[in-house]
Amino acid sequence: MQEKSGNVKDLDEKTALQNVDEKKNQEEVVGRWHQKEVKRREDRVKKEVLEDKSADYMSPFLCQLEETDVASRKMALQLRRMCLDDFKSRMVEQADFIQERYDKVHRCVSDNTI
């Protein structure tokens with residue numbers, strides 16, 4: 001009789017452990033799913049933000065100006081000047097890069113022909 005009650009006890013303990021393991025596994029699965037879902041949402045938001053930023057060429061300049069709903073003529077001229085200055089500096093950088101490449105190629109060609 002003792003053996004039967006011992007077997008029942010062992011079965012109850014095994015069943016209890018299995019239930020705990022199943023519950024733990026379910027929690028882990030739900031936790032992983034939740035983490036993946038949060039990551040998907042974050043990636044989607046990042047993608048939307050990048051798409052918005054890539055389309056708004058004026059945003060870096062607008063954020064430097066005062067935060068007002070109505071732009072005055074003075075603010076518009078200031079914004080125009082900032083944009084043109086930035087464009088000019090980018091064009092100078094590109095021209096310098098092209099000139100460096102040209103000089104490098106010209107030196108290589110000169111060295112080979114002499």
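Here are the criteria: (1) among the charged types (D, E, K, R); (2) surrounded by fewer than 10 Cβ atoms within 10 Å (Cβ to Cβ); (3) modelled with pLDDT of 90 or more. Tell me which single one ASP86 does not satisfy.
ASP86 satisfies every listed condition except (2).
Going by the structure shown, is SER110 of a type in the set (Gly, Ala, Ser) and modelled with pLDDT of 85 or more? Explain how you work it out, then say what you get.
Details: of a type in the set (Gly, Ala, Ser): yes; modelled with pLDDT of 85 or more: yes.
Taking the combined requirement at face value, the residue satisfies it.
Check LYS9, LYS53, LYS24 and return the single one that is modelled with pLDDT of 70 or more and part of a helix (DSSP H, G or I). Before you say what the answer is, go through the steps one by one.
On the way: LYS9 fails: modelled with pLDDT of 70 or more; LYS53 fails: modelled with pLDDT of 70 or more.
Result: LYS24 is the single residue among LYS9, LYS53, LYS24 that is modelled with pLDDT of 70 or more and part of a helix (DSSP H, G or I).
The values are calculated or read from the model by the stated rules, or taken from the named source; none is laboratory data. All of these numbers come straight from a predicted model, not from anything done at the bench. No Cβ is skipped: glycine too gets one built from the backbone with ideal geometry, and neighbour counts run over all protein chains shown.
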